[in-house]
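Step one of this worksheet: look at the structure below.
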């Protein structure tokens, strides 16, 4: 294999004052041959070697099984010990609980008997009180019934007497009403006659007043016509007098104006 020997080249160039520039030119890669490993001939194991390997494997398997069995036996022993301890604890707990429960039951039974006896005593006292109250109520009820019967009897007698009095008063009231109605009927007739008479008198007075009013109206119209005639004559007289006075005043005013004009003319002539 041909190998090209080309080295890497580095060039340096001053680009500015106090500064350098480097240019690196790398060489092309060089191919290096890899050494090849020589092939070794395969070795075939013998029968003895195979048997020894099998024996060793069997021995390892037996040892592994023995160790597993020992571990399992140890675990089983621990489990049995724990089960035994747990069983003992459970039995002890059951015994203690049973003893405590028996003691509580005995105490509860004693308290229950005492409570029942106390309730029986209270119930007996209560029943005796109820019986006494019932007897008292029966006696009071009998007394009340008797009093009510007496009052009902007395009330019935008084009621009959009151009914008789009320009937008597009702008859008296009806008689009084009949008399009042008769008197009212008579008074109504008298009142109606008086009203009719007053209505007739009012109609007569109305007719008389209408006649008087008509006469007064006629006289008023006559007087009004006379007053109007006199007023018309007076107005005409006053109008004539005013016209005469106006004519005289107009003439006098013209004379005064003429006098003033003559005076003015004389003054003008005199000043000239």
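All of the numbers you see were taken from the coordinates with simple rules; none came from a lab. Small disclaimer: the values here were computed from a predicted structure and weren't measured. Ideal geometry is used to build each Cβ from the backbone, glycine not excepted, and the neighbour counts take in all protein chains shown.
Tell me, in nm to one decimal, what length is gained between residue 249 and residue 47 on full extension, where the rule is 0.36 nm per residue of separation less the Cα-Cα distance? List each step's numbers first, then the result.
Numbers: separation 202, 0.36 × 202 = 72.72 nm, distance 19.57 nm.
This chain segment gains 53.2 nm when fully extended.
For the pair residue 202 and residue 230, how long in nm is the line joining their label points, each one 7 Å along Cα→Cβ?
According to this spin-label approximation, the distance is 4.2 nm.
Pop the C-beta distance of residue 109 and residue 89 into the FRET formula with R0 = 41 Å and round what comes out to the nearest 0.05.
0.85
Per 0.36 nm of contour for each residue apart, how much would the distance between residue 124 and residue 162 grow if the chain were fully extended, relative to their Cα-Cα spacing?
8.2 nm
Label 7 Å along Cα→Cβ of residue 131; the stretch 107-123 residues with amide nitrogen under 20 Å?
117-123
Taking the Cα centre of each part, how many Å lie between the stretch 212-245 and the stretch 82-135?
When both Cα centres are located, 141 Å separates them.
Using every alpha carbon pair in the stretch 128-272, what percent of pairs falls into each 5 Å bin from 0 up to the bin containing the largest distance?
P(r) over the stretch 128-272, rounded to whole percents: 2, 6, 4, 5, 4, 4, 4, 4, 4, 4, 4, 4, 3, 4, 3, 3, 3, 3, 3, 3, 3, 3, 3, 3, 2, 2, 2, 2, 2, 2, 1, 1, 0, 0.
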